[in-house]
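Have a look at the structure below, then the notes.
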Amino acid sequence: MARSTTLVPLFLTLVLLAAPDARAELAVWNQEKVTAIADEVSQASQALLGALRRQPPRSVGQPGVREFWRLRDEVQAIVSSSRRLHNALSQGAGMEETYPIYRRLLRTARRADRDTRRIGLGKPVPEKIGATADAIRRIRPFYEEDPPL
């Protein structure tokens, strides 16, 4: 259990920190590529939510019980935002129109990361968090020049 607890903060590392090869300028907008990555974010976040739902239920008095339920709620919000982003991009919306959805997705991912710090999560949740964070990290260069730390 302790090992999976240490893997969960990778969410912060992968989502919030700039990748070592991150560029200082926006990536050239490619509607098809951004839409495909948004689909990956959506699928990965749905898999993460499913994995969280299969975790043993938390009971009052356990460490991190509030954070666990808040995390589930935040992951549901990530699923909703990623679906909205993918749907908007699929219908031809560009960067300007989808930027608010992307920012909401990123803010929710930050809150989710904060809540993972006190929670011991079993397999496969850490792997699903990593897959979701990786997909979010790959879409960032299309929306942000210098990703905030």
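Some observations on this one:
- Qualifying residue in segment 98-120 (condition: over 20 Å from residue 68 (Cβ atoms) and touching a Lys or Arg at 6+ places or on another chain (Cβ under 6 Å)): yes
- Applying the criterion of being surrounded by fewer than 18 Cβ atoms within 10 Å (Cβ to Cβ) and of a type in the set (S, T, N, Q) to the residues of segment 67-89, the residue that is nearest to residue 36 (Cα to Cα) is 87.
- Looking at 110, 137, just one residue is surrounded by fewer than 18 Cβ atoms within 10 Å (Cβ to Cβ), modelled with pLDDT under 95 and within 12 Å of the chain's Cα centre (by Cα), and that residue is 110.
- Criterion applied to 94, 50 was being at pLDDT 90 or above and over 30 Å from residue 27 (Cβ atoms), and the one residue passing it is 50.
- Qualifying residue in segment 122-130 (condition: on the phi > 0 side of the Ramachandran plot and touching a residue at least 60 places away in the same chain (Cβ under 8 Å)): no
- Positions within segment 90-103 being out of contact with any Phe, Trp or Tyr (no Cβ under 7 Å at 6 or more places or on another chain), buried (at least 16 other Cβ atoms within 10 Å of the Cβ) and closer than 16 Å to residue 141 by Cα, in sequence order: 98, 101
- Where a residue in segment 51-66 is surrounded by 10 or more Cβ atoms within 10 Å (Cβ to Cβ) and its partner, wherever it lies, is among the charged types (D, E, K, R), with Cβ under 7 Å and at least six apart: 51/128; 52/72; 63/118; 64/118; 65/58
- The residues of segment 82-97 that are touching a residue at least 60 places away in the same chain (Cβ under 8 Å) and either polar (S, T, N, Q) or more than 18 Å from residue 144 (Cβ to Cβ) (or both) amount to a single one, 92.
The values are calculated or read from the model by the stated rules, or taken from the named source; none is laboratory data. All values reported here derive from a predicted model rather than from experimental measurement. Heads up, the Cβs are rebuilt from the backbone with ideal geometry, glycines too, and the neighbour counts pull from every protein chain shown.
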